[in-house]
Amino acid sequence: MVSVILTTATINAQHVNIGLKAGLNVYNIHYDNDPQDDSRVGWYAGLLGHIHINPRFGIQPELIYSTQGSTHTFGGATNSTDLGYLNIPVMFQYFFDYGFRVQAGPQVGFLLSAQSESAGVSEDIKDQLAGVDFAIGLGLSYVHVPSGFGVDIRYNFGLTDISEEDKTFNAYNRGLQFGVFYLFNHRS
């Protein structure tokens with residue numbers, strides 16, 4: 001489905017830009033049985049394609065490596081969960097004047113690594129978590145059209161229960177991203 005949309009969009013596109021992006025994540029693992037972990041600050045970096053459909057609409061597929069997870073302090077001890085994902089968001093964008101954009105779209109993430117650390121002891125927990133994570137992203141961005149540089153803020157709302165081990169609760173990735181990007185040979 002996504003490939004059909006992207007193929008159709010590319011055929012009808014006015015032009016396509018390729019770029020790089022990177023920034024900070026503030027992620028958390030949200031539990032539906034309420035005890036929330038503290039947010040974990042991480043980073044993300046990757047590639048993006050920016051496809052103009054017409055002067056007001058575009059599609060932006062991305063390929064992003066993202067460090068996610070959470071921390072939890074209990075009884076004076078801090079435990080951390082460090083997750084590494086390859087995320088593939090496809091953002092549908094509406095362009096305002098002067099380079100401002102609003103965006104929303106689906107994201108699929110593939111779990112590449114998962115570590116839990118408590119009291120200095122690290123444990124691989126990848127087999128306890130779902131290998132695929134689906135999310136919805138909502139955000140705003142601004143591109144300085146003459147230079148191709150831009151800034152981006154996005155909230156990713158995880159839809160997949162990532163817990164494979166304990167089925168007494170559901171756990172979801174939720175996070176805010178702040179970043180910068182550069183579009184090579186950008187044209188509006």
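Points worth noting:
- Gly131 long-range amide H proximity, modeled H, under 5 Å: none
- The trypsin sites (Lys or Arg not before Pro) of the range 44-139 that meet both conditions, a loop assignment by DSSP and at most 12 other Cβ atoms within 10 Å of the site Cβ, are Arg56.
- In order along the range 48-59, the Karplus-derived 3J(HN,Hα) couplings, from 6.51 cos²θ - 1.76 cosθ + 1.60 at θ = phi - 60°, round to 9, x, 10, 10, 7, 8, 8, x, 10, 10, x, 10 Hz, and Gly and Pro are given as x.
- Using θ = phi - 60° in the Karplus curve 6.51 cos²θ - 1.76 cosθ + 1.60, the 3J(HN,Hα) couplings for the range 141-158 round to 8, 9, 10, 7, 4, x, 9, x, 7, x, 10, 8, 10, 8, 10, 9, 9, x Hz; x is entered for Gly and Pro.
- Helix-only CD estimate at 222 nm, as mean residue ellipticity for the chain, using -39500 (n - 2.57) per DSSP H run (n ≥ 4): -2000 deg cm²/dmol
- Using θ = phi - 60° and Karplus 6.51 cos²θ - 1.76 cosθ + 1.60, couplings along the range 169-183 (whole Hz; Gly, Pro as x): 8, 10, 10, 10, 6, 9, x, 10, 10, 10, x, 10, 8, 9, 9
- Calculated Rg and Dmax of the chain using C-alpha coordinates, Å: 17.9, 58
- Among the chymotrypsin sites (Phe, Trp or Tyr not before Pro) in the range 138-188, those located in a DSSP loop and surrounded by at most 11 other Cβ atoms within 10 Å of their own Cβ are Phe184.
- Here's the picture: charge each Lys and Arg Cβ at +1 and each Asp and Glu Cβ at -1 in the chain, and of Ser66, Asn28, Leu48 the one pushed furthest to the positive end of that dipole is Leu48.
- Net charge in the neighbourhood of Pro106 (other residues with Cβ under 15 Å of its Cβ; Lys, Arg +1, Asp, Glu -1) is -1.
- Between amide H atoms placed 1.01 Å from N, distances below 5 Å from Phe149 occur with His144, Leu183, all of them 5 or more places distant or on a separate chain.
- Ile125 long-range amide H proximity, modeled H, under 5 Å: Ala114, Gln115, Ser116
Laboratory data are not the source of any read-out in this text; all were calculated from the coordinates shown. This structure is a prediction, so every number in the text was calculated from the model and none was measured. Because the Cβ atoms are built from the backbone with ideal geometry, glycine has one as well, and the counts that use them run over all protein chains shown.
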